[in-house]
Amino acid sequence: MVNQETGSRDIALCLSGGGLRATLFHLGVIKALRTHKHGEATALSRVGSIYSVSGGSITAAHLVRYWNDYNGDDDAFAKREGELLAFSQRNVRDRVLRRWALTRWLGFRRSWWLQHEYQALFGAGSIADCYAASGPNDRKGAPDLHILATSFSTGALCSFGPRDFELMGRHNAQAARAPGGHLKLAYAVAASSAFPPLFPPVPLTRKTLGNPEAADFLHTIHLADGGIFDNLGAEAALADQIGSNRNFKTLLVSNAGAALHLDPGKRFVNFLARNVRASDILMRRIAEDTEQRLRAMTDATYLPLRIGVPVPGSALLDVTQTRLRMVRTDLDRFDPALANLLIWHGYEVASQVLKEQEWQETQTPETALLPASRIDLPAIAEKGAETRKRSLLFDFRDWLTVPILWAMIAGAIFAIAMAVQGIQERNAANLAEREAKVEADKKMRIGQALADQLGPIRSAYIANDRKRLGELIGMTTVAVEVAESQPDRDLTTDPIRLSSSQALAVANQPVTYNLPRPPIEHKQPIYIQFAGFQRAQIAALNRGLRNAGWNVQGQSGERLSKAARLNEVRWSGSNEQAAIDLKDAINAANLTSKPLRIRQVDVGATNLEVWISL
């Protein structure tokens with residue numbers, strides 16, 4: 001039972017983390033607090049202290065910043081409620097990431113842009129300005145605000161208060177304090193909601209705090225999401241109660257934290273998902289321990305307000321209410337229907353608990369405020385659990401940065417394409433250079449081959465030795481062919497050896513070869529690959545084979561360096577006898593230094609291939 005003394009500020013309110021889901025659920029709780037009274041005092045006016053974490057800090061800061069409007073008439077409250085609803089549709093997460101991607105080279109941090117987004121909601125004022133803005137019409141002023149964050153530097157819980165910034169002591173140790181009321185409200189909320197996987201810690205320097213003398217503030221403090229230490233925000237309330245810094249009679253804990261149960265098919269193959277899951281499990285254990293201590297309090301009443309707990313007689317189906325605890329907890333855009341659903345649920349959960357404590361509901365919200373018919377609501381809640389993955393690049397509500405980001409992506413793709421093209425052009429140039437070098441080497445080898453034969457040819461010509469002259473001319477011709485087709489062959493260590501008849505045949509370049517006809521007619525197509533021969537010689541061989549009845553393709557053959565040192569007829573299928581007859585016919589011409597053989601290779605069921613070289 002709450003203290004019913006009119007005007008007392010004996011309620012402490014804890015607003016948990018949980019992203020914008022928590023922000024909206026807590027807004028519904030506050031809506032219930034302002035419509036439930038004992039006498040003339042509303043439950044909201046009895047709140048003397050607020051402890052907030054992460055998404056809860058957004059609601060708490062907005063509440064304290066505009067305290068008079070939240071406690072004012074319906075129009076004033078509706079105005080502030082509309083601001084939070086509009087903020088939930090702003091897509092804060094993607095706006096921050098896009099601006100950071102565009103300005104990181106200038107030194108802008110994600111946490112700076114997060115603070116900038118919060119300034120659009122709270123303004124650029126300090127924490128202390130919230131109390132000066134309470135105005136003379138509210139003699140009690142706004143409640144003491146404690147925006148909680150976690151120090152990555154020391155592991156301690158930190159609190160941004162109306163006057164001081166506190167590094168809260170562990171195990172009843174004395175808290176270290178420094179002036180903090182001058183810090184911007186948006187800065188404090190950014191530190192409280194800097195969820196580690198997405199945002200780096202927010203630095204708080206000694207200079208920013210006004211150069212306090214305490215040793216705890218000599219070094220920069222790096223602040224992150226308060227939910228790392230305590231996602232309920234209740235640890236700070238317990239510490240204040242134990243230390244007699246506050247004396248509340250009722251502790252309302254609005255808990256919109258993440259549900260621990262997930263899809264059983266989820267495998268956590270991503271390292272980020274694994275680490276977030278491990279963090280959730282640790283935070284759940286801490287929250288359960290904190291709740292045990294809260295229930296054990298003897299000098300105050302603990303009233304938990306949990307998201308996803310079905311409210312009897314609610315306008316929402318039970319399945320709708322339970323699904324709300326699975327709604328995502330990030331800072332991306334919340335559809336108006338889902339946002340209103342969370343606010344409504346927060347109102348009903350708080351209203352039920354307040355009525356049990358004999359608070360009277362003075363105003364019942366209209367069911368017309370619900371986003372859709374009751375049949376559609378479960379689907380809206382279920383869809384709210386889906387993470388938005390495409391909004392980073394396709395949210396054209398942010399007309400300023402999305403086109404710029406797309407232009408940068410297009411520019412990066414163009415730069416990559418130009419770089420690839422440059423690499424290809426360099427490779428082509430290098431290839432052309434290598435080919436030119438090979439061609440120059442070939443010409444040099446050809447020149448060398450000719451130079452080596454000029455002396456003996458001159459001598460044979462002077463001596464009128466026609467036979468020797470024919471042999472030398474044939475050898476020269478063969479050397480030139482080998483130099484062209486076998487650039488890696490060293491003619492000094494591996495010279496060409498021809499018989500006199502072969503050399504003369506090369507020199508005389510016969511018009512055709514008289515080859516024997518096979519015992520039976522063969523119709524298989526024949527393809528010739530050669531190396532070391534002049535094309536005229538292969539053309540003569542081609543004509544000789546055709547005259548003998550063979551089905552030779554083309555007028556000569558194909559010069560291939562792979563044919564060097566090969567003398568074989570390749571066959572496959574049922575063409576072995578045809579290969580034997582073809583081999584015998586070509587060997588009869590005595591063209592090569594080594595006779596041809598047959599070789600079974602897959603060349604097609606109807607084909608024969610001749611691979612021939614000197």
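The values are calculated or read from the model by the stated rules, or taken from the named source; none is laboratory data. Keep in mind the model is a prediction, meaning the values are calculated, not measured. Every residue, glycine as well, gets a Cβ built from its backbone with ideal geometry; the counts of neighbours run over all protein chains shown. Surface areas here come from the heavy atoms of the whole protein model, side chains and all, with no ligands, DNA or RNA. Shrake-Rupley method; radii C 1.70, N 1.55, O 1.52, S 1.80 Å.
Here is how the numbers come out for the structure above:
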read-out: Cβ-derived FRET efficiency at R0 30 Å, residue 106 paired with residue 182, nearest 0.05; value: 0.70
read-out: With every protein chain in place, region 191-239: carbon and sulfur % of accessible area (1.4 Å); value: 57 percent
read-out: Cβ crowding within 10 Å averaged over residues, with 326-333, 160-167 ranked highest first; value: 326-333, 160-167
read-out: Computed lengthening from residue 408 to residue 8, 0.36 nm per intervening residue step minus Cα-Cα distance; value: 138.2 nm
read-out: Inverse of mean 1/r across different Cα pairs in region 35-78, Kirkwood, Å; value: 11.4 Å
read-out: Residues residue 418 and residue 606, FRET efficiency given R0 of 30 Å [Cβ-Cβ distance, rounded to 0.05]; value: 0.05
read-out: Carbon plus sulfur fraction of accessible area for region 1-100, probe 1.4 Å, in percent; value: 44 percent
read-out: Debye equation applied to the C-alpha atoms of region 292-366, log10 I(q)/I(0) at 0.14, 0.21, 0.27 Å⁻¹; value: -0.56, -1.02, -1.29
read-out: Stokes-Einstein translational diffusion, region 522-603 - Kirkwood Rh over all Cα pairs, 1.002 mPa s, 20 °C, in µm²/s; value: 166 µm²/s
read-out: Between region 526-560 and region 180-219, the Cα center-to-center distance that results, in Å; value: 87 Å
read-out: Region 217-226 - phi-based ³J(HN,Hα) in whole Hz, Karplus 6.51/-1.76/1.60, Gly and Pro as x; value: 10, 6, 10, 4, 9, 9, 10, 9, 2, x
read-out: Cα-projected label distance for residue 427 with residue 440, points at 7 Å along beta-carbon direction, nm; value: 2.4 nm
read-out: Ordering of 414-421, 83-90, 46-53 by burial proxy (mean other Cβ atoms within 10 Å per residue, highest first); value: 46-53, 83-90, 414-421
read-out: Estimated inter-spin distance, residue 83 and residue 523, nm [label 7 Å along Cα→Cβ]; value: 9.5 nm
read-out: Protection proxy ranking, peptides 97-105, 574-582, average beta carbon neighbours within 10 Å, highest first; value: 574-582, 97-105
read-out: FRET efficiency estimate (nearest 0.05) - Cβ-Cβ, residue 281 to residue 360, R0 45 angstrom; value: 0.65
read-out: Label-point separation in nm, residue 41 to residue 599, each point 7 Å along Cα→Cβ; value: 10.4 nm
read-out: Difference of contour (0.36 nm per residue) and Cα-Cα distance, residue 124 to residue 154; value: 7.9 nm
read-out: Cα-based shape type of region 162-255, given that a ≥ b ≥ c are square roots of the gyration tensor eigenvalues and the cut on a/c is 1.5; value: oblate
read-out: Where only alpha carbons of region 4-53 are counted, the Rg and the Dmax (Å); value: 11.8, 35
